[in-house]
């Protein structure tokens, strides 16, 4: 339809230009001989009609100025974005110029057209502007949250549920026991149930936690956790609602003496608010915990992006959790898989930290000055940031030439900028590291041993390092040999805060670091600039209070040189260990081969001598035994 | 001492084949039969003493070893006085270790095979030996080049003690070249000892084919020279126009690098009938450094047998680099391999290093950057080679290259 419009516009333009070209010749004549020149008259009429028509079709101008703005706003309200508003604007210009042209030649209708050139004014446009609900936005842009296609939607749903459960258990100090079951209802419809033994959720909180986006406990603090924005599980619920119309069903209980609540929620996307469909108190055999049930359109597939791969990978990075997994069509894919826990120790509880000055951007800095409870700039620096003592705060402010006693709210933009520069020029201690909890070398290795059948295992937990003022820590696990396929590119499991990253492998800093490591030095094959080839599985974990992802879907880690360097150092450390193993293995294989060689050919030496020297069998056997012992002694086999 | 040994062995080689059996049956020359029996005993003794050394070391719980001369152009010396490549003093000792146990076993089994052949008065070609090894269980050879190498090593080992490959009863597979001209070959029958007279002028448009073993042959001829020809094409032309009749000679086709039998045949013919040998080959580095050099002084990796299998009295008639200019021959540019071969000959080959005229000729060829084939003479007419070129060349033996 838009095309046909443009076509009409172009036609009208063409006609006009033709008419124009004829005007210099007989402008006066035409006007004089108006009634006679029928052709020119009809063309004028047509032109006017055409312009009116295009204007009308755009619902902006022409004879009914009062009506059209309403129409326009209604229309733009439908599309509801700025872009569409702008797109309605741009054609105005062309209509305007066209109107001018017709005004010149056609006289009388010019006035009307001229009035209608401005399709709307600022106040009209203002009516079109309004808030966009987060829920609405994500309902339209579901790919940003990992719901781009059916198989990914299923994975994301499971992932968000499990991540939430693990975070909740750890915060409450409970050793996690999680059950994930997926059942296929029809060809494209699945029911996902995630059940944990976590602390449960207060009845009053349930609707907000599951029924509105961007409601969470983790966004406003700097602390290592799996989730960050509080979008995940409610987005999954919303996706389910959008695709199947079924509500999200929650059962939760906070303690033995408390009631178990059973709720069914739907999200009102316009209001970003939950609607409760059902709210009961029920009997539940669990003392505490939460059970979430979501029905959605999805697809169950195998491969590196599958739910199965996710469960396997997350259990590797969370050796303290026991995860029971029931895949769809249990008869086909096997019934329950239990990924049992390797340790009963919860990860160390991590401290929440304040931002380190090195990582703060100017705008954030200004905002912090505005929001602070401190009375002056110096104490603001001291209390709101980590690693800033009274002395360093004074030093910074002296460098920036800002009086330490100034009220933070009165710091000007320029002053804030010089403070920002002064911070970068001042030597500060690295941020505290107690905010990061590594998995630990021993547990990584034990987890690998229990999940991966290999001949050799190694693991490295690096010391914490810093990028842009954010502390982070790299861990590398490695399994080699055994049942791992020898002729394929190595498998790389990537983790950020114990959460597996399954998509966008190529864009990730971890992949870059693996490919950038010289594996040939460690007895492995590696095509130039690519991932190594061999019977190896690598597991790389980055733990940080703020993991820098390349995008909101949290699938790849950004390429910070500090991070890539740390990963590489970790890989090299593991590489050296595996190289020692490979060399030892080769030596043993070599010795074995030689031993076999001796057994094979010494009798032939004896037969040769027997033949030439006509020896008897006893003499022959003597040769065999003598030679064997001589050679074995010399080889120290 | 070397000369003495040479004499003894040459004689041995020449008279070996008439077997004990033949000798007894025919009654002809019991001396020959005795000599042959003595040589066979010698061969068996050599094999046995080598094996005994190995056995003794094993009983002493030491690692036995075998010492072979190094077979390569690097371990070759040449003097104009001797006229052939002589193997140098470099030795390689193969100690029985884990890594060498396989080839050690194969070497002993191969020696065993040789002993069996001598005692049974039989022979085996390289290919035969390879197939024989298939009975040796784990010691069998996977490919023939492996068995050839072991055989050449044994041959070199025993050549140090004065025994030839033929004495070990290993014979070449390769057939010899073709012969035509003023020559009668006397070939005694293996069984009866009856001598067959083969007249090489009576093969019509065909030719006599040199057998793989020529030691028992003898000759009758009044030819003035032997012309050794590289290509079959030129040989055909000279043979069909009975060039041997007009210039009273013997024609031999080399067919590329001459086989041992061909070299030995020419050598015997030239030695026994005291006639000169002229080589007529392509003017390119292959013709010069491979075909002619091997004919005259032997090959680098079989220098231990050069003594018998070369023709030191051969001379290079053509085509010389100078002929390309003198006869205005059509040419082809030298290929990279040609240039490499020529430079290698100048740098590493003791034969060319000894002969100044050859160095000049090769340098001239490299400078011209071209090569010419024998058949290039056809530019001046198909029979130009018979009517003009060869007579002119034969008139000026001084212009031959050494």
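Readers should treat all values here as calculations from the given coordinates under stated rules, not as data from a laboratory. Note that the structure is predicted; figures quoted are calculated from it, not measured. We place every Cβ from the backbone using ideal geometry, glycine too, and count neighbours over all the protein chains shown.
Per residue of B:96-103, count partner chain C-beta atoms within 10 Å of its C-beta, then hand back the mean as an integer.
Neighbouring Cβ atoms belonging to other protein chains average 6 per residue here.
Under the classification rounded if a/c is under 1.5, otherwise prolate if a/b is larger than b/c and oblate if not, where does chain B fall, given a ≥ b ≥ c as square roots of the Cα gyration tensor eigenvalues?
The shape class here is oblate.
Is the stretch B:321-402 rounded, prolate or oblate when judged by the Cα gyration tensor, a ≥ b ≥ c being the square roots of its eigenvalues, rounded requiring a/c under 1.5 and prolate requiring a/b larger than b/c?
Values: a/c = 2.86, a/b = 1.47, b/c = 1.95.
Because a/c hits 1.5 or more and a/b fails to exceed b/c, the stretch B:321-402 counts as oblate.
Place the peptides B:255-264, B:127-136, A:580-589 in order of packing, highest mean first, counting for every residue the other Cβ atoms within 10 Å and averaging per peptide.
Top to bottom by mean Cβ count within 10 Å: B:255-264, B:127-136, A:580-589.
Summarise the partner chain shielding of B:139-145 as one whole number: the mean count of Cβ atoms from other chains within 10 Å of each residue's Cβ.
1
Need the C-alpha centroid separation for the stretch A:587-637 versus the stretch B:344-396, integer Å.
Here the two parts' Cα centres lie 56 Å apart.
With a 10 Å radius around each residue's Cβ, average the other Cβ atoms per peptide and rank B:367-379, B:290-302, highest first.
Order by mean packing, descending: B:290-302, B:367-379.
Modelling each spin label as a point 7 Å along the Cα-to-Cβ direction, I'd like the residue B:194/residue B:224 distance in nm, to one decimal.
In this crude spin-label approximation the distance works out to 3.9 nm.
Of B:310, A:169, B:273, how do they rank once you tally other Cβ atoms within 10 Å and put the fewest first?
Ranking B:310, A:169, B:273 by Cβ neighbours within 10 Å, fewest first, gives B:273, A:169, B:310.
Counting partner chain Cβ atoms within 10 Å of every residue's Cβ in A:608-621, what's the average?
5
Sorting A:341, B:71, B:41, B:165 on the 10 Å Cβ count, fewest up front, what's the list?
In order of increasing Cβ crowding within 10 Å: B:41, A:341, B:71, B:165.
Which values of log₁₀ I(q)/I(0), to two decimal places, follow from the Debye formula for the stretch A:426-562 at q = 0.11, 0.14 Å⁻¹ with a uniform point scatterer at every Cα?
-0.42, -0.67
Which value in deg cm²/dmol, rounded to the nearest 500, describes the helix-derived mean residue ellipticity at 222 nm for chain B, given -39,500 (n - 2.57) per DSSP H run of n ≥ 4 and division by the residue count?
Helix-only estimate at 222 nm: -13000 deg cm²/dmol.
Just order A:466-475, A:529-538 by mean Cβ neighbour count inside 10 Å, highest at the front, would you?
A:466-475, A:529-538
Run the simple label-point estimate for residue B:65 and residue B:336 please: 7 Å along Cα→C-beta, distance reported in nm.
4.1 nm
Using r as the Cβ-Cβ distance of residue A:149 and residue A:565, and R0 as 51 Å, what FRET efficiency do you calculate, to the nearest 0.05? Kindly include the intermediate steps, with their values, before the conclusion.
Numbers: r = 35 Å, r/R0 = 0.69.
That pair, residue A:149 with residue A:565, gives E of 0.90.
Nearest 5 percent is fine: what portion of the DSSP beta bridges confined to the stretch B:178-399 is antiparallel?
For the stretch B:178-399, the DSSP antiparallel bridge percentage is about 55.
Does the stretch A:137-339 come out rounded, prolate or oblate, given a ≥ b ≥ c as the square roots of the eigenvalues of its C-alpha gyration tensor, rounded meaning a/c under 1.5 and, failing that, prolate meaning a/b above b/c?
Rounded, since a/c falls under 1.5.
Fewest to most neighbouring Cβ within 10 Å: what's the order for B:343, A:246? All intermediate terms of the calculation are to be shown ahead of the outcome.
Details: B:343 13, A:246 19.
Least crowded to most crowded, the residues run B:343, A:246.
Take every DSSP beta bridge with both residues inside chain B and express the antiparallel ones as a percent of the total, to the nearest 5. Could you put the intermediate results ahead of the total?
Values: 26 of 41 bridges.
So the antiparallel bridges in chain B amount to around 65 percent.
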